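Written out below as structure tokens is the structure these notes cover.
Derivation of every value follows stated rules applied to the coordinates shown; laboratory data play no part. Worth saying up front: this structure is predicted, and the values here are computed from it rather than measured. No Cβ is skipped: glycine too gets one built from the backbone with ideal geometry, and neighbour counts run over all protein chains shown.
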Amino acid sequence: MAAEVPGVEPERQLAGGVSRLDVAEIAALTGQSGRQGRPTLVGVEGFGGAGKTVFARRLGQLLGSFHLVHLDDFIVPGVVSNEDKTDFDRGQLARRVLEPARRGELREYQTLTDSAGGSGTWVSVPQVRHLIVEGVSAYHPELRHYYHHRIWVDAPMTVARERARQRDLRRGIYDRDLWDAWERSEISYKAKYLPHLRCDIVYDNTVESANLRCVDE
């Protein structure tokens, strides 16, 4: 659905009915449609390092009643990242999360793998008004129809890559070769599937907003 926001300046109204909004405006827009038991589904995409997770958490905090799903919980072990992002099992995401959520029947779901690469863990989902799904290919064409809102977190690859590098260095897990391959696949994915144009809202996170820094990563 296109984001029609009264009072938004013309320069923030992009082609195709897409609006460039700040996080408070996005919360006001998405908060209009959620209801307990049958949540509004919000898909959040952007490059790795663009700030998707932090943005999604902050948006959820502003909405007040939300559950956050990470596409990283549906990574297929051993599959190399590519332009189609088949390293994510979107079919399982749809069957385990999106379809029951649209029916108002989502109470729990099993992730594809745990953090150690073993059998997935079960995640309980409270009764919430908003379900936010964040990750690269979250609203891939296979999944686009499930969402009420689709948000592109915009940051240039150079900015996103440096953020990801700093994050991984803090965790002691930075692998330059892995990120080189990941960068190529993300640029190819964006060029092929145009997620920055297939959204209804763009959030500009080129300069990380002070409104997001208060949220723990």
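Take the alpha carbon atoms of the range 66-123, find their center, do the same for the range 129-160, and report the distance between the two centers in whole angstrom. If you average the Cα positions of each part, the centres end up 14 Å apart. With the simple model of a label 7 Å out from the Cα in the direction of the Cβ, E105 to V79 spans 2.5 nm. Shown here for the range 80-130: trypsin sites (Lys or Arg not before Pro) in loop regions (DSSP other than H, G, I, E, B) with at most 14 other Cβ atoms within 10 Å, namely R107. Sites listed here are chymotrypsin sites (Phe, Trp or Tyr not before Pro) in the range 120-190 whose DSSP assignment is loop and whose Cβ has at most 13 other Cβ atoms within 10 Å, and the list is empty.
Charge tally for R144 (other residues, Cβ to Cβ under 10 Å; Lys, Arg +1; Asp, Glu -1): +1.
If I take R0 = 22 Å and measure r between the Cβ atoms of S188 and Q166 in this structure, what FRET efficiency does the formula 1/(1 + (r/R0)^6) give, to the nearest 0.05?
Once the sixth-power term is evaluated, E becomes 0.35.
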